[in-house]
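Participant: The structure's right below; bear with me while I get my questions together.
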Amino acid sequence: MPMGSKPRSVRNANQSRRFRFVLLIVGCLVVTMTFLVVSRPQTLFLSNIGLGPSLLPPQSDHDAVNGDDRGIQGSHSAPVGKEDAQSSQVLESNKEKAEGGEKNVIVVDSTPNEETNIHKLQETKTETEENGMSITSDDPSSNQQETHDRLALPTISNYTINDRTQGDGTVVLEHSDGGEQIQTPERKPLCDDSDRRTDVCEMYGDVRIPGNSSSIIFVEASKTEQKELWQIHPYPRKGDEACFKGVRELAVEAGSEAPVCTVNHDAPAIVFSTGGYAGSLFHDFSDLLVPLFLTARPFDGEVQFVVTDFKNWWITKYLPVLQKLSKYPAIDFDKDKEVHCFKQVKVGLRAHNEFHIDPARAPNGYTMLDFTKLTRSAFSLARETLVNIEDLSVRKPKLLIIARKQSRAFTNINEIVEMAEGLGYEVVVEEADPGSDIARMAGIVNSCDVMMGVHGSGLTQMVFLPLSATLIQIVPWGGLEGKAMLDFGNPAKEMGLHYVQYSITIDESSLTEQFPRDHPVFTDPMSFHSRGFQVLRSTFMDNQNVKLDVNKFRDVLWKALEHLIQ
């Protein structure tokens with residue numbers, strides 16, 4: 001190699017290294033500027049190069065909230081070139097007010113979309129760069145405007161998205177200086193009529209109930225608000241016209257005019273009726289006490305009952321349960337003359353199936369076990385659960401027979417008692433009298449280990465049995481097994497009881513004294529079901545008594561003893 005060629009090759013190599021170094025420096029600068037443009041548009045640097053106004057960064061992720069439904073601030077309909085100047089003027093004005101001690105508070109919709117929207121802007125820019133694409137415009141101001149729109153951050157508020165939310169969805173916004181401001185969401189319809197069993201209205205705000213009327217008024221703030229009117233029967237047997245003949249219809253309405261308050265309440269109100277089928281032991285629990293538990297229990301006593309179709313005897317009978325659900329005396333809606341004002345009112349009772357609580361739909365996952373625990377507590381019952389068989393070494397197992405007087409009565413009650421005593425039971429016979437002292441009956445039922453009776457409302461008193469006791473339901477002739485299971489079988493299991501179902505034969509039914517053996521009552525009892533409940537009831541329930549075959553039924557009572565032993 002010639003001597004002059006070696007220095008030349010070294011010089012060329014040095015120039016190549018310098019060129020690569022310069023490219024590296026330039027590349028770093030480009031990456032740095034790209035990072036600042038995308039992630040730090042609020043810095044003074046961007047302001048100096050004309051990309052947008054200087055914005056202070058959010059103090060934390062919880063301080064930034066959306067300024068509009070799109071999650072991006074700024075009006076996209078503003079003429080090009082004007083928005084930057086307007087934004088700068090607003091920011092300068094805010095800065096001056098802040099420096100002067102004034103508070104510039106912007107209340108905005110605190111929805112959790114801001115971070116998603118900002119991330120989408122960043123991802124869009126990255127994807128465009130990776131694809132080698134760029135959007136150009138002949139108008140420099142248009143490029144500046146577009147960049148500003150992409151980079152503008154959500155408005156920074158003195159409120160945070162950690163603010164408290166009330167039960168109606170109202171957000172209580174907490175100010176940095178300790179103050180509060182209420183942000184009310186768009187109001188939903190006053191009432192929900194989607195449930196097949198009950199209609200329920202819920203109101204939050206200024207609600208007024210004029211006594212001795214049929215009106216419940218939700219007072220709107222503006223007279224321009226759309227009027228709303230609902231006609232409600234506050235009793236949970238929706239569609240039962242016979243029942244609703246005894247239930248007063250109430251008008252639930254929204255409007256700007258209402259009578260002046262004379263009594264203001266801090267506690268919420270629940271409005272319901274003790275009309276309908278109240279007075280039947282089964283319906284007292286299935287239609288009223290269980291739904292009241294579902295609706296009122298979440299308030300832990302801080303709730304006011306407002307009762308229409310007020311039956312004083314009913315309130316007195318179930319007062320121990322009502323006092324567990326409410327700390328306040330019930331208001332007689334129909335006779336009271338005050339204008340009662342509340343901040344929250346529920347009209348109607350939440351209800352599921354007959355004598356049933358669905359934990360999936362119930363507040364706090366309540367079950368029938370929770371309900372029976374409350375009833376045992378209300379009547380101060382001694383036994384929470386059935387003790388082990390060892391307790392029976394010093395006493396006999398106790399059997400309660402629920403007797404009936406008029407229909408579905410045992411016609412050989414003495415024979416049944418004698419057979420049960422022969423098995424070692426101590427037997428107690430009580431009549432299912434709707435007017436009986438409920439507290440006295442609760443004590444008797446709770447003292448027993450096994451309870452038996454023909455399908456009817458008297459079996460409702462199983463709510464007072466201790467856990468793990470046994471319920472025996474005797475089903476009359478007529479294909480009533482499904483109804484028996486729905487009304488008492490399933491609820492008994494949900495209450496933590498053992499359940500035994502015994503269906504009588506034709507020979508054990510008094511219907512043999514009324515119809516020949518080839519009558520459809522015996523050959524096709526299900527045909528009566530399709531003719532309506534009134535026909536079914538009059539045929540198989542109101543006009544049938546039971547004569548138990550004690551030899552067959554002895555096995556049933558032995559099975560109940562096995563449950564006690566286990």
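Participant: Between LEU319 and SER436, what length in nm is gained on full extension when 0.36 nm per residue of separation is reduced by their alpha carbon distance?
Facilitator: Taking LEU319 through SER436 to full extension adds about 40.7 nm, to one decimal.
Participant: Just to check I understand the Karplus step: with θ = phi - 60° and J = 6.51 cos²θ - 1.76 cosθ + 1.60, what whole-Hz values come out for segment 294-308, glycine and proline as x?
Facilitator: 4, 7, 9, 4, x, 7, 6, x, 7, 8, 9, 7, 10, 10, 9
Participant: Which residues' amide hydrogens lie under 5 Å from the amide hydrogen of GLY275, considering only partners 5 or more residues apart or on another chain, with H built in the peptide plane?
Facilitator: For GLY275, whose amide H was placed from the backbone, there are no distant partners under 5 Å.
Participant: Starting at the first residue of segment 501-509, write each ³J(HN,Hα) from the Karplus equation 6.51 cos²θ - 1.76 cosθ + 1.60 with θ = phi - 60°, in whole Hz, x for Gly and Pro.
Facilitator: Each residue of segment 501-509 in turn: 10, 10, 9, 6, 8, 4, 5, 8, 9 Hz.
Participant: Do the alpha carbons of any pairs in LYS324/LYS398; LYS405/LYS483; LYS227/LYS317; LYS238/LYS335; LYS227/LYS373; LYS405/LYS552 sit beyond 32 Å of each other, and which pairs?
Facilitator: Violating the 32 Å Cα-Cα cut-off are LYS227/LYS317; LYS227/LYS373.
Participant: Let a ≥ b ≥ c be the square roots of the eigenvalues of the Cα gyration tensor of segment 380-565; is it rounded (a/c under 1.5), or, if not, prolate (a/b larger than b/c) or oblate?
Facilitator: Here segment 380-565 falls in the prolate category.
Participant: Taking 0.36 nm per intervening residue step and subtracting the Cα-Cα distance, what contour gain separates GLN231 from ASP524 on full extension?
Facilitator: 101.2 nm
Participant: Let me check against my output: what whole-number percent is the relative contact order of segment 380-565, with C-alpha pairs under 8 Å and at least 6 apart?
Facilitator: Across segment 380-565, relative contact order equals 26 percent.
Participant: Okay, moving on. Mind giving me the nanometre distance, one decimal, between the label points for THR32 and LEU486, set 7 Å out from Cα along Cα→Cβ?
Facilitator: Between THR32 and LEU486, the simple spin-label model gives 7.9 nm.
Participant: Starting from the Cα-Cα distance between ASP195 and LEU24, subtract it from 0.36 nm times their residue separation and give me the gain in nm to one decimal.
Facilitator: Here the segment from ASP195 to LEU24 would lengthen by 54.6 nm.
Participant: Arrange LEU319, LEU400, LEU480 by Cβ neighbour counts within 10 Å, fewest through most, would you?
Facilitator: Final ranking by Cβ density, sparse to dense: LEU319, LEU480, LEU400.
Participant: Using R₀ = 30 Å, calculate the FRET efficiency as 1/(1 + (r/R₀)^6) where r is the Cβ-Cβ separation of ALA267 and VAL429; round to 0.05.
Facilitator: Working from the Cβ atoms, E equals 0.10.
Participant: Now for a different question. Using the Karplus curve 6.51 cos²θ - 1.76 cosθ + 1.60 with θ = phi - 60°, what ³J(HN,Hα) values do you get for each residue of segment 246-253, in whole Hz, with x for Gly and Pro?
Facilitator: Once θ is set to phi - 60°, the couplings for segment 246-253 become x, 10, 5, 7, 10, 9, 9, 9 Hz.
Participant: Across bins of 5 angstrom width beginning at 0, how are the C-alpha pair distances of segment 460-536 distributed, in whole percent?
Facilitator: In whole percents, the pair-distance histogram is 3, 15, 21, 19, 15, 11, 9, 5, 1.
Quick note: the coordinates plus some simple rules give every number you see, no bench work behind them. Predicted model only: the values in this text are computed from it and were never measured. No Cβ is skipped: glycine too gets one built from the backbone with ideal geometry, and neighbour counts run over all protein chains shown.
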